[in-house]
Protein chains: 2
Amino acid sequence: MQITRNSIETAPGPGDWFTGTVYIDAVAAPSEPSRVQAASVHFTPGARTAWHTHPNGQTIYVTEGVGRAQRRGGPIEVIRPGDRGSSSPVRSTGTAPPPTAS
Amino acid sequence: MQITRNSIETAPGPGDWFTGTVYIDAVAAPSEPSRVQAASVHFTPGARTAWHTHPNGQTIYVTEGVGRAQRRGGPIEVIRPGDRGSSSPVRSTGTAPPPTAS
């Protein structure tokens, strides 16, 4: 087992992916043959993603705070800790929780 | 986006996978062509997995508590919140954190 330690490093989300301030910490990077990646994403209040697609699908798991998620043309849904959201190849956007203290 | 709400349901981990009491909540189920699955696993104090392998690899992300992880023949490593552990096709075992109140 290869351990990667928690650190004070974090990366602001790119401005063309997000409106508002978002911090992204990698959890798992893809390693062949897998294409899976996982990240812990903290949304500051009001921050949200730009409309985007997930050609290989995506699962969101809410760990804290309260957010909103929407599939384009669908209802806005409130998501809370423990809720899971799955996207097949669709457009989706999300707005989420306050930041965590590091 | 398909939302699955948090609930008070949880599943005890099977006795042949774990020693001690562990609770498992599905986060993502595999959907073709993906083979990815994700689960939130809570270990009660002292609970641990049996030695096992991950033919397609696995990533652990510690969200709370303090645990121990080991690759067979390797050192026992203490893992804490925010730490990530990745296994390629290897044997590993883990002991982890106290339970969360639901």
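The values are calculated or read from the model by the stated rules, or taken from the named source; none is laboratory data. The structure displayed is predicted, hence computed values, not measured ones. Please note: Cβ atoms are built from the backbone with ideal geometry, for glycine as well, and neighbour counts cover all protein chains shown. Keep in mind that these areas ignore ligands, DNA and RNA; they rest on the heavy atoms of the full protein, side chains included. Shrake-Rupley method; radii C 1.70, N 1.55, O 1.52, S 1.80 Å.
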Solvent-free Debye scattering, log10 I(q)/I(0), computed from the Cα coordinates of chain B at q = 0.14, 0.17, 0.20, 0.25 Å⁻¹: -0.57, -0.84, -1.16, -1.60
Hey, can you find the accessible area per residue of the protein assembly as shown for me, probe 1.4 Å, expressed in square angstrom? 63 Å²
Can you name the chain A residue with its Cβ nearest the rotation axis from A to B, and give the distance in Å as a whole number? A:36, 3
Copies compared at residue A:20 - label distances in nm, ascending, label defined 7 Å from Cα in the Cβ direction: 3.9
How far apart are the residue A:76 label points across copies, placing each 7 Å from Cα toward Cβ, in nm, shortest first? 5.1
If you take each beta carbon of peptide A:27-38 and count the beta carbons of other chains within 10 angstrom, what is the mean? 4
At R0 = 41 Å the Cβ-Cβ FRET efficiency linking residue B:64 and residue A:72, nearest 0.05, sits at 0.75
Coil-residue trypsin sites (Lys or Arg not before Pro) of segment A:1-84, DSSP, other Cβ within 10 Å capped at 12: A:5, A:35, A:72
Rounded, prolate or oblate: which fits the protein assembly as shown when a ≥ b ≥ c are the square roots of the eigenvalues of the alpha-carbon gyration tensor, with rounded for a/c under 1.5 and prolate only if a/b beats b/c? prolate
Let me confirm one metric for peptide A:64-77, namely the mean number of other chain beta-carbon atoms within 10 Å of its residues' beta-carbons. 1
Applied in sequence order to segment A:71-86, the curve 6.51 cos²θ - 1.76 cosθ + 1.60 (Karplus, θ = phi - 60°) yields integer Hz couplings, x standing for Gly and Pro, of 8, 4, x, x, x, 7, 10, 7, 10, 10, x, x, 6, 10, x, 10
For segment A:1-25 the residues that are at least 30 Å² less accessible with all protein chains than alone, 1.4 Å probe, are A:1, A:2, A:3, A:4, A:5, A:6
